[in-house]
Amino acid sequence: MEITYIGHSSFKIKGKEISLVIDPYDPKIGYKYPKQECDVLLTTHDHFDHHYVEGVNGYKLHIDGPGEYEISNVFVNGIPAFHDAKDGTERGNDTIYLIEIDGFSILHLGDLGHELTKEHMEHIPYVDVLLIPVGGKYTIDAEIASKVISSIEPGIVIPVHYHTNDLTGVEGLASLSKFLDEMGVEGSVKKEDKLKLTNRSDIPEETTIIVLEPKH
């Protein structure tokens, strides 16, 4: 199984049988969106920087909200959450996706705006790879992200949705370094071109942060 970071909150996941794309972004955020093809498209909410469905071709299924789905031995559980800390009254709803593929569990939090509740945790038995926003303003910030990570205890954490010099259409996000400093790993974090997982031994026993290079 292979995870590629396209940019912002968008990923491509290639399994043995099918591929998935999550949260394609409109290029007006400042990043080019490379043309993507997949079997399953997932969008966590309908904001322009997560719902550029016209940038993706070939998908047989578009999952855009809560529910349980199965296709080609891949299981997706869409769990309802909020885009803010006030029950969605400021920025609406968010769907977090727990994806079980090739024996691994991946959790994409979309634009989560709050800590996870006990009800959320009941739907999340374990997480091998956590894809988590860290930039604040529209989502959880570095401090709350660290609390979410502690509650989940994933094997691998991949931070997303943070400020870069090329990001022009989404203002006010904090830098990646703020999150890495909060986690106490700045200067020692692993940077990878993509994440490849073959068997369970590829998942570290202690939570490890990996920064993936975007492909935009």
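The values are calculated or read from the model by the stated rules, or taken from the named source; none is laboratory data. Please read all numbers here as calculations on a predicted model, not as lab measurements. Ideal geometry is used to build each Cβ from the backbone, glycine not excepted, and the neighbour counts take in all protein chains shown.
Among the residues making up segment 149-193, none is under 20 Å from Phe11 (Cβ atoms), among the basic types (Lys, Arg) and at pLDDT 95 or above. Scan segment 12-47 for residues that are of a type in the set (S, T, N, Q) and out of contact with any Asp or Glu (no Cβ under 9 Å at 6 or more places or on another chain) and the total you get is 1. Screening segment 101-216 for helices (runs of 4 or more DSSP H) wholly inside it with 1 or more residues that are among the hydroxyl-bearing types (Ser, Thr, Tyr) and loosely packed, with under 15 Cβ neighbours inside 10 Å returns the ranges 142-152, 176-182.
Taken over segment 57-76, the residue count meeting the criterion of being crowded, with 19+ Cβ neighbours inside 10 Å and in contact with a Phe, Trp or Tyr (Cβ under 9 Å, 6 or more places away or on another chain) is 2. Checked against the criteria, Ile29 does not count as more than 17 Å from Gly135 (Cβ to Cβ) and among the hydrophobic types (A, V, I, L, M, F, W, C).
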